[in-house]
Amino acid sequence: MEQNVLYEYIELLADAMRQADYILIGAGAGLSAAAGLSFADETLFRKRYPYWAARGRHSEYHMFSFRDWTETQQWAYMADHISRVRFETPPLPLYATLKTLLEDKLFGKDYRILTSNVDRQFARNHFPAEKVFEYQGNYDNLCCTQQCTNDVWPFQPVMERMIAHTIQETASIPDELLPHCPHCGAPLRLAFRDYPTYDSEKAAYQAWLTQSQQGQLCIIEFGVGFNSPGVIRVPFERITQERSNVKFFRITVDYPDSEEEIAYPEIPKPIANKSCSINADAGFVIEELLKIL
Ligand SMILES: [Zn+2]
């Protein structure tokens, strides 16, 4: 995108944020990638997961859709992947910059964040919990596959044990480390996608969306691709289509050479008159907004 057009669009976005009564942010993997946490790093993947690299996988993105493994291999991989994403990665400064924008530069503005990210970067950068809806939950806890209880158990100690005992030759954990429910003995799973507090969190988010019909709404999508378009991308397009007092900004880079990172900044025609596509890195746009807001 041409530089002068890019800056013009960022000005438009800044104006829309100033004028809005409500701001809805959608945060996808592209935001964390812009902040420095990428799932597409092939060098890191080869180094960290040589077993899978030798079997034709080439990135953590590539593993999201992978199903051809044993349960003990899956846990070994997930333990290490989550350790990297959630525990070894520090709170990323780009998220703190976004918080400064929303909480200081736009002090008092009513905002909500909907994210498909499970890396906990919003919580770790001290965003108020009630303002962030982690649609897919996160990687912090385990829950019962039989839903015999709403209890959850912290994954970190389990994860550390799994990593310490991973058998490198088979990239798997020993059978005896497979986690089981202390109540009913069923296998445990990560409290991810379908988790005990999903319904109440979704209801709170929906209530805010309803309330936002009272005023001007500015919707901003940062780095949302096609990994799970039903979480942010499609619902945001629908809200934009249904409402008259809305402005929609889609900020993402396209990845013409990547098989895994599929995102494009185009806007569907029916909402084009209320929307603006910014084909740029989310980090660049956020830093620019910080200068002009
Ligand atoms: Zn159970």
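The values are calculated or read from the model by the stated rules, or taken from the named source; none is laboratory data. Values in this document were obtained by computation on a predicted structure and should not be read as measured data. Note: ideal-geometry Cβ built from the backbone for every residue, glycine included; neighbour counts use all protein chains shown.
Below, the figures for the structure above:
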| read-out | value |
| --- | --- |
| Residue match in segment 157-176 (condition: within 24 Å of the chain's Cα centre (by Cα) and within 16 Å of the ligand (Cβ to nearest atom)) | yes |
| Where a residue in segment 246-261 is more than 28 Å from Ala16 (Cβ to Cβ) and surrounded by fewer than 23 Cβ atoms within 10 Å (Cβ to Cβ) and its partner, wherever it lies, is of a type in the set (Ser, Thr, Tyr) and at pLDDT 75 or above, with Cβ under 8 Å and at least six apart | Glu260/Ser59; Glu260/Tyr61 |
| Scan of segment 37-73 for residues that are buried (at least 18 other Cβ atoms within 10 Å of the Cβ) and among the polar types (S, T, N, Q), ordered by number | Ser59, Thr72, Gln73 |
| Hits in segment 180-194 (condition: within 11 Å of the ligand (Cβ to nearest atom) and touching a residue at least 40 places away in the same chain (Cβ under 8 Å)) | Cys184, Ala186, Pro187, Leu188, Arg189 |
| Any hit, segment 217-226, residues being surrounded by fewer than 15 Cβ atoms within 10 Å (Cβ to Cβ), more than 16 Å from the ligand (Cβ to nearest atom) and without any contact (Cβ under 8 Å) to a residue 40 or more places away in the chain | yes |
| Of all residues making up segment 33-63, the number that are part of a helix (DSSP H, G or I) and either in contact with a strand residue (DSSP E or B) (Cβ under 8 Å, 6 or more places away or on another chain) or farther than 30 Å from Ile251 by Cβ (or both) | 7 |
| Residues (within 27 Å of Gly230 (Cα to Cα) and more than 17 Å from the chain's Cα centre (by Cα)) located in segment 79-96 | Ala79 |
| Boolean, Phe66 is of a type outside the set (A, V, I, L, M), free of Cβ contacts under 8 Å to residues at least 60 places away in the same chain, outside any helix (DSSP H, G or I) and closer than 21 Å to Thr170 by Cα | yes |
| Of all residues in segment 128-157 being among the hydrophobic types (A, V, I, L, M, F, W, C) and crowded, with 18+ Cβ neighbours inside 10 Å, the one that is nearest to Ile82 (Cα to Cα) | Phe155 |
| Test: residue in segment 122-133 that is touching a strand residue (DSSP E or B) at 6+ places or on another chain (Cβ under 8 Å) and in contact (Cβ under 8 Å) with a residue 40 or more places away in the chain | yes |
| Hey, Thr197 surrounded by fewer than 17 Cβ atoms within 10 Å (Cβ to Cβ) and more than 11 Å from the ligand (Cβ to nearest atom) or not | yes |
| Residue list for segment 12-36, filter: farther than 12 Å from Ile220 by Cβ and surrounded by 21 or more Cβ atoms within 10 Å (Cβ to Cβ) | Ala29, Gly30, Ser32, Ala33, Ala34, Ala35 |
| Segment 128-153 - residue that is out of contact with any Phe, Trp or Tyr (no Cβ under 8 Å at 6 or more places or on another chain) and more than 16 Å from the ligand (Cβ to nearest atom) and, of those, nearest to Pro229 (Cα to Cα) | Tyr135 |
| So Glu103, is it closer than 24 Å to Gln211 by Cβ, touching a residue at least 12 places away in the same chain (Cβ under 8 Å), more than 12 Å from the chain's Cα centre (by Cα) and assigned to a helix (DSSP H, G or I) | no |
